[in-house]
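The values are calculated or read from the model by the stated rules, or taken from the named source; none is laboratory data. As the structure is a computational prediction, the values presented were derived from the model and not from experiment. Every residue, glycine as well, gets a Cβ built from its backbone with ideal geometry; the counts of neighbours run over all protein chains shown. Note: accessible area is taken over every heavy atom of the protein model, side chains too, but ligands, DNA and RNA are not part of it. Shrake-Rupley method; radii C 1.70, N 1.55, O 1.52, S 1.80 Å.
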Amino acid sequence: MIELDGVPELVDPVMVAAFEGWNDAGDAASTAVAHLDREWKGEVFAALDAEDYYDFQVNRPTVFLEGGARKITWPTTRLSVVRIGGDKPRDLVLVRGIEPSMRWRSFCNEILGFAHELGVEMVVVLGALLGDTPHTRPVPVSGVTSDPDLARTMDLEETRYEGPTGIVGILQEACTHAGVPAVSLWAAVPHYVSQPPNPKATLALLNRLEDLIGLRIPLGELAEDARAWQLGVDQLAAEDSEVAEYVQTLEEARDTAELPEASGEAIAREFERYLRRRDPGPGGGPGGHATESGDGSYLRDTSSGRTRPPKPTRPDAGQGPGTGPLSGPGSGPARGTGPGSGPGSGPGPTPGEAPKDTPEDAPGDDAPGDSSEDSSED
């Protein structure tokens, strides 16, 4: 039995989890959970034993100096709690870490043990995958579950994905077997500019999470970061005619696919979000950036003081939608394999299960990248 000293009784708690690695293209999902933890000042109450789940040759510990003494930070997964007051209080349990290297079933059972002791009502796992989606269009976010009743009541897709999976898929399936309602939200990240961070994809995940759990999430400067990111990619793409032409091809394919979908439901969802943001409800105070400071993947624009993403990878000659290149080793999961998917989780190559611009290549056409050797924050 897990004993939680000092953790108060929570109000209608929802667990929100994200893991760096194969399930986290552009670091969009892990950055979203880090944003929630920072904006709502989460309090860490538990950390999983790194010795049990991580290969330290894959995810290496880091050494740092504090007060002249050398200390070590080990890669791990930490749990924190945030308390959200207001007229309709609801607390969150945040799970943030690195995809484990081993003992996935024990890892999921340990997380579910915390969920049981805290009275968690639902688990939401965030993920991000590489897709043939243009950076100039809204980021597609798919909400999926393996629970038919949950799919009906919360307007989610019921997954039918079969193929390689990551810890997101395993955790969601473990929740299903344990009788805990579970949902995964997947953002599609442009594969030609997949280097982290991607504030636009992070913003899309948070907006979808806000709709799902009915809480107003303070975004801080994230919307401005997303606009600056898109402007930076626009400028860099304009410098290369082949990249610009490829992006235009993706835009045409996306617009054609979505033409019949000018649905009243999407418009209503945006209007409801607008009304929520006008209401000075819980968590409405000012916030900070959603991206970690000091990230070397951004280029500093000295004229504006903002940051720009690195230059997109040029597509090979003759490539069209669905065949564009990946940009850089270890930049995220393989395209079209539904990273972290599997039964009861994210989108994959099966028709009708992925976002509309997610490629439907055969699993394994590109090897998943897991370049993250960064350890979780203390």
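Assorted remarks:
- Shape of the range 33-115, Cα gyration tensor, a/c cut at 1.5: oblate
- FRET efficiency estimate (nearest 0.05) - Cβ-Cβ, residue 116 to residue 244, R0 56 angstrom: 0.60
- Amide H contacts of residue 17 (H built 1.01 Å from N, in plane; Pro and chain starts excluded): 95, 124, 125, 126 sit under 5 Å, all sequence-distant by 5 or more or on other chains.
- Accessible surface, per residue, of the range 95-244 when the full set of protein chains is kept, probe 1.4 Å, Å²: 34
- Shape of the range 147-190, Cα gyration tensor, a/c cut at 1.5: oblate
- Model label points for residue 224 and residue 71, set 7 angstrom from Cα along the Cα-to-Cβ axis, are 3.2 nm apart.
- Solvent-free Debye calculation, one equal scatterer per alpha-carbon of the range 16-157: log10 I(q)/I(0) at 0.18, 0.19 Å⁻¹ equals -1.26, -1.35.
- Remark on residue 11: its backbone amide H falls under 5 Å from those of 91, a criterion applied only to residues 5 or more positions apart or on other chains, H modelled at 1.01 Å from N.
- Accessible-area composition of the range 12-161, carbon plus sulfur, in percent [1.4 Å probe]: 47
- Distance in nm between pseudo-label sites at residue 102 and residue 60 (7 Å out along the Cβ direction from Cα): 2.0
- Label separation (residue 251 vs residue 109): 5.3 nm, computed from points 7 Å beyond Cα along the C-beta direction.
- Of the residues 130, 65, 150, the one whose Cα sits farthest toward the positive end of the charge dipole of the range 62-208, with +1 on the Cβ of Lys and Arg and -1 on the Cβ of Asp and Glu, is 65.
- For the range 152-244: rounded, prolate or oblate by the Cα gyration tensor [a/c cutoff 1.5]: oblate
- Here the range 57-95 is scanned for amide nitrogen atoms under 15 Å from the site 7 Å beyond the Cα of residue 49 along Cα-to-Cβ, giving 76-77.
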